[in-house]
Amino acid sequence: MKVTLLALATLLIWTAPALAKDPQPQYKSIEAKHFPRAEGVELSPAFSDYLYAELRAELTKAKLFGQVIGEDEVVDTADAPKSLVIVGTITEFKKGSVVKDALIGFGAGMRSLKVDANAARRSDQQNLTAIHVHVKVSPRWDEKVMARFAAKNIVKQLKDSLKSEAKAAS
Amino acid sequence: MSFGRGGSMKWCVLIICSLLAANARAEDPKPTPENTIHVQLAEAVKPQTFSRPLKFFLVDVVDRSGSAQPMMVFKPRGGIFLDRTPTEITRAGLETCLKSADMLAKDRDSADFLLTVYLFHFGLSDSFADFFGKVEFAVALKNPKTKKSQQISASGTSIAGVAVRKKNIQKNVQEDIENAFGDALRNLLRGVKLRDAITALDVPADVPEAPAQPAAAGAAPAATEKPR
């Protein structure tokens, strides 16, 4: 009994710091902008709004930033060096083919979306990372699924890049 | 009354039509206390500060959504309704935010700027397997002294997860719309567009009022079309 209690207490003491540790956000704020479409990209008008909303939701989930602010929001000059802005463009969209997908398979006829984005520091507009995302989904799926996958990929790449940058700095 | 071959056919058609009509009427949801949600700002948005203390007066909130049922935000599963019209919710939200920062003028005469809100969208938008809340409006900002005005747009979005139970759907929809509404107000009150418009329209307090101009020259933009 005593041994079990002792083991439990040790375990608690050992895990307590990890539980209590609240990771400090690396950046005070981040602003995501609506991604415009390159010439020839035919997507529904609601797509940009949805991608923007998904991107903001994913950035909030990432917990790397103190605050995810709205587009064109005023930021204090003092906070600008610790604030990021994500800008990007939807460079390519192929709507795919259900027939090719059904007859050939193996990735043929898939719906695809390419997005290029940059995360820049607000104060000096210095590019911190360049993000290239290529999403492929079934042509039967809604285009909003692509927006979700694209947003997830963008935030994952951003997270990895910022983490490696922080490691290199320390 | 004939019950011959032609007669029975007519009766069949009549019965089918009446059944279809009854079915269609039953599918149209009606607001009840159980399916009505109360949307309000969780926390007042603090507006940005300007070079001098300014007072705003909210003249009107105009619904330009073109929706026949602006209070119905979700149609399936018996529907979800707002307890107030979107214009009332927007007015209350905007006034709360301005009041919290002591920027709400008591009347039109004491205001530095007059605001007229044109509401284009309030509620849920088309989405895939989740709730996509969207609030979109334009604000005509008018300086009553110079009679000059500018229009600025603001929008807010939010995404909430799906739910199976009706109670949870209602909760998620309510949270989603509240978040989108808060986001839209934040976009307006803390946005660069408002700051730029104020900078362009604001004049020092000691400048005399401009003489009366013809109505068409200084009138606020019609805002009949959605800005983009």
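The values are calculated or read from the model by the stated rules, or taken from the named source; none is laboratory data. From a predicted model like this one, the values you see are computed outputs, not experimental measurements. Don't worry about glycine lacking a Cβ; one is built from the backbone with ideal geometry, like all the others, and counts go over all protein chains shown.
Could you list, in sequence order, the residues of segment A:149-168 that are aromatic (Phe, Trp, Tyr) and under 17 Å from residue A:84 (Cβ atoms)?
Answer for segment A:149-168, where residues must be aromatic (Phe, Trp, Tyr) and under 17 Å from residue A:84 (Cβ atoms): there is none.
Run down A:99, A:74, A:85 and say which single residue is within 14 Å of chain B (Cβ to nearest Cβ) and out of contact with any helix residue (DSSP H, G or I) (no Cβ under 9 Å at 6 or more places or on another chain).
A:85
Keeping to segment B:83-92, report how many residues are buried (at least 22 other Cβ atoms within 10 Å of the Cβ) and touching a residue at least 40 places away in the same chain (Cβ under 8 Å).
Number of matching residues: 2.
Assess whether residue B:61 counts as being surrounded by 10 or more Cβ atoms within 10 Å (Cβ to Cβ), modelled with pLDDT of 90 or more and either in contact with a Ser or Thr (Cβ under 8 Å, 6 or more places away or on another chain) or assigned to a helix (DSSP H, G or I) (or both).
Here the answer is yes, as residue B:61 does meet what is asked.
Filter segment A:83-102 down to the residues that are crowded, with 18+ Cβ neighbours inside 10 Å and not β-branched (Val, Ile, Thr), then identify the one that is farthest from residue A:129 (Cα to Cα).
By that ranking, first place goes to A:101.
Residues of segment B:124-164 being aromatic (Phe, Trp, Tyr) and within 9 Å of chain A (Cβ to nearest Cβ), which ones?
Filtering segment B:124-164 for residues aromatic (Phe, Trp, Tyr) gives B:128, B:131-132, B:137.
Matches in segment B:124-164: B:128, B:132.
The conditions are (1) over 21 Å from residue A:35 (Cβ atoms); (2) touching a Phe, Trp or Tyr at 6+ places or on another chain (Cβ under 9 Å); (3) of a type in the set (A, V, I, L, M, F, W, C), and residue A:80 fails exactly one of them. Which is it?
(2)
What are the pairs, 6+ residues apart or on separate chains, where a residue within segment A:38-53 that is among the β-branched types (Val, Ile, Thr) has its Cβ under 8 Å from a residue that is modelled with pLDDT of 85 or more?
A:41/A:90; A:41/A:91; A:41/A:92; A:41/A:93
Condition first: free of Cβ contacts under 8 Å to residues at least 60 places away in the same chain, among the basic types (Lys, Arg) and within 14 Å of chain B (Cβ to nearest Cβ). Now tell me which residues in segment A:114-170 satisfy that.
Passing the criteria: only A:140.
With the structure loaded, tell me whether residue B:189 is facing another protein chain (nearest Cβ under 10 Å) and farther than 25 Å from residue B:72 by Cβ or whether it fails that test.
For residue B:189, the condition - facing another protein chain (nearest Cβ under 10 Å) and farther than 25 Å from residue B:72 by Cβ - is met.
Which residue out of B:170, B:151 is among the polar types (S, T, N, Q), in the same structural domain as residue B:91 (by TED's automatic domain parsing) and at pLDDT 90 or above?
Result: B:151 is the single residue among B:170, B:151 that is among the polar types (S, T, N, Q), in the same structural domain as residue B:91 (by TED's automatic domain parsing) and at pLDDT 90 or above.
If residue A:105 meets every condition in (1) surrounded by 14 or more Cβ atoms within 10 Å (Cβ to Cβ); (2) part of a loop (DSSP other than H, G, I, E, B) apart from one, which number is that one?
(1)
Take residue B:79 and tell me if it is modelled with pLDDT under 90 and either out of contact with any Lys or Arg (no Cβ under 6 Å at 6 or more places or on another chain) or of a type in the set (Val, Ile, Thr) (or both).
In short, yes.
Tell me yes or no: at least one residue of segment B:103-122 is within 14 Å of another protein chain (Cβ to nearest Cβ), buried (at least 18 other Cβ atoms within 10 Å of the Cβ) and modelled with pLDDT of 90 or more.
yes
Would you check which residues across segment B:137-183 are within 22 Å of residue B:125 (Cβ to Cβ) and in a loop (DSSP other than H, G, I, E, B) and list them?
B:161, B:162, B:163, B:164
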